[in-house]
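Colleague: Could you have a look at this structure, given as structure tokens, before my questions?
The values are calculated or read from the model by the stated rules, or taken from the named source; none is laboratory data. Please read these numbers as outputs of a predicted model, since none were measured by experiment. Positions of Cβ are generated from backbone atoms using ideal geometry, with glycine treated the same way; all protein chains shown enter the neighbour counts. For the accessible areas, the whole protein counts, side chains as well, though only heavy atoms, and no ligand, DNA or RNA atoms are used. Shrake-Rupley method; radii C 1.70, N 1.55, O 1.52, S 1.80 Å.
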Amino acid sequence: MFERPASGENAVLVQLDFGAGDQAERLAEFQLLASSAGARPLAVVSGRRASPDPKLFAGKGKVTEIGEAASLHDADVVIFNHDLSPGQQRNLERVLERRVVDRSSLILDIFALRAKSHEGKLQVELAQLQHLATRLVRGWTHLERQKGGIGLRGPGETQLETDRRLLGKRVALLKERLKQLERQRAVRRRARTRSEVLGVSLVGYTNAGKSTLFNALTKAGAYAADQLFATLDTTSRRLFIEGAGQIVLSDTVGFIRDLPHSLVAAFQATLEETAQANLLLHVVDSASPDRDQQIDAVNGVLNEIGAADVPQIIVWNKIDATAASPGVERDDCGNISRVRLSARTGEGLPLLREALAEIAQSRITSTAASQSPAEAVASANSIEHTKP
């Protein structure tokens with residue numbers, strides 16, 4: 001097995017074009033991902049193919065080029081901006097004689113670095129173990145398990161089965177612990193529903209500025225940085241909106257294109273907080289040339305977690321980098337569809353507060369219309385008592 005240095009690792013990055021387009025933006029994001037994981041990207045190998053090679057993903061000629069680049073830069077690791085099958089990963093490591101990491105493993109590694117809370121660490125470990133389950137065999141490729149041979153009959157397969165059994169037990173334990181935490185969260189969620197407090201979740205592509213906006217609105221001091229996946233753990237705060245009372249605002253993990261399915265599954269309990277929200281503030285980095293594709297990627301994940309039907313307002317963030325003016329846009333029905341602002345400078349924040357007040361008031365009016373007179377009075381008293 002290959003050793004991982006304690007400090008940053010020299011890396012060769014590999015990105016192939018299979019006709020998806022937006023290669024420059026994808027490469028810039030890939031380089032930031034690699035740096036976020038602690039790698040030192042020293043070379044990029046690119047190329048075009050009609051489809052992945054079944055054995056080596058990149059084809060023999062390109063793999064030779066990758067190997068030459070890795071030798072030239074004394075690379076510790078070769079990172080692919082693609083998902084590799086276990087077989088492709090083993091074959092590449094055998095040929096390149098270096099560790100090979102695919103996109104899913106890279107993202108999981110960053111999540112492991114960022115996880116701070118107990119629940120976040122459990123979720124990341126579960127995702128890593130589920131990803132590892134299909135790759136357990138790579139640790140035993142030096143043993144001829146099928147053919148056997150002198151000194152090689154049995155132990156390899158026995159060890160592999162032992163690892164699988166232990167891994168299965170650990171996965172089951174993690175799932176049970178996460179279920180317990182989800183039950184606790186469900187109790188808190190029901191309490192909020194009974195009190196009729198508007199639940200608002202911030203969603204968006206990673207590094208779009210969600211945590212900066214969260215801090216600007218709530219003064220919570222949540223960790224915010226110009227890096228991918230700065231936020232993993234959901235943070236919720238009560239926020240007073242003039243004319244509408246209290247709402248609960250939640251900052252959630254950022255999304256990214258091709259998010260590993262094992263990660264989505266492991267974070268399902270946390271992401272359900274988003275699906276149960278009354279309103280989503282979809283924060284978009286308006287300065288990114290790739291913003292349309294990022295919006296599509298976020299909506300894809302929202303659909304996967306059952307949040308596609310939750311009402312959305314697009315928050316067009318970072319207008320200070322585009323020279324756009326603060327403003328509110330409405331759809332054909334007169335509903336607020338987009339708010340232009342800068343979370344960093346505060347431009348447009350009053351407009352977002354007004355938008356939240358309008359939606360909260362509309363919800364209160366709608367709820368009151370369906371209540372009996374006695375229930376309406378009780379709700380009004382409840383809202384009045386939430387004022388600071």
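Colleague: Those residues that are more than 28 Å from the chain's Cα centre (by Cα) and either open to solvent by 50 Å² or more (accessible area, probe 1.4 Å) or closer than 12 Å to S286 by Cα (or both), I need them from region 330-343; list them, please.
Modeller: R330, D331, D332, C333, N335 - these are the residues of region 330-343 that are more than 28 Å from the chain's Cα centre (by Cα) and either open to solvent by 50 Å² or more (accessible area, probe 1.4 Å) or closer than 12 Å to S286 by Cα (or both).
Colleague: Something else now. Identify all residues within region 73-95 that are open to solvent by 40 Å² or more (accessible area, probe 1.4 Å) and over 25 Å from the mean Cα position of the chain (by Cα); write none if there are none.
Modeller: H73, D74, D76, R90, N91, R94, V95
Colleague: Within region 290-317, how many residues turn out to be over 20 Å from the mean Cα position of the chain (by Cα) and over 19 Å from V248 (Cα atoms)?
Modeller: Number satisfying all stated conditions: 0.
Colleague: Next question, about the same structure. Scan region 237-253 and tell me whether some residue there is in contact with a His (Cβ under 6 Å, 6 or more places away or on another chain) and at pLDDT 85 or above.
Modeller: Checking region 237-253: not a single residue is in contact with a His (Cβ under 6 Å, 6 or more places away or on another chain) and at pLDDT 85 or above.
Colleague: Being farther than 20 Å from G209 by Cα and aliphatic (A, V, I, L, M) is the filter here; which residues of region 294-347 pass it?
Modeller: Correct list: I305, A307, A308, V310, I336.
Colleague: Just to be sure, is Q227 more than 30 Å from T365 (Cβ to Cβ) and either part of a helix (DSSP H, G or I) or at pLDDT 75 or above (or both)?
Modeller: So Q227 fails the test.
Colleague: Looking only at region 16-42, filter to residues that are more than 20 Å from D109 (Cβ to Cβ) and in contact with a strand residue (DSSP E or B) (Cβ under 6 Å, 6 or more places away or on another chain); which one of those is most open to solvent (accessible area, probe 1.4 Å)?
Modeller: Q23
Colleague: Mind checking which residues of region 139-171 are open to solvent by less than 60 Å² (accessible area, probe 1.4 Å) and either under 29 Å from the mean Cα position of the chain (by Cα) or at pLDDT 80 or above (or both)?
Modeller: G139, D163, L167, G168, V171
Colleague: Also, quick follow-up: Looking only at helices (runs of 4 or more DSSP H) that fall completely inside region 39-121, which ones have 3 or more residues that are closer than 21 Å to L259 by Cα and touching an Asp or Glu at 6+ places or on another chain (Cβ under 9 Å)?
Modeller: Working: elements: 60-72, 86-96, 103-114.
The qualifying helices (runs of 4 or more DSSP H) are 103-114.
Colleague: If I ask for residues that are outside any loop (DSSP other than H, G, I, E, B) and crowded, with 22+ Cβ neighbours inside 10 Å, which ones from region 251-268 would you list?
Modeller: Selection gives D251, F255, L263, A266.
Colleague: Continuing with this model, one more query. Across region 264-299, what is the number of residues that are closer than 29 Å to Q184 by Cα and either β-branched (V, I, T) or without any contact (Cβ under 8 Å) to a residue 40 or more places away in the chain (or both)?
Modeller: Residues flagged as closer than 29 Å to Q184 by Cα and either β-branched (V, I, T) or without any contact (Cβ under 8 Å) to a residue 40 or more places away in the chain (or both) within region 264-299 amount to 9.
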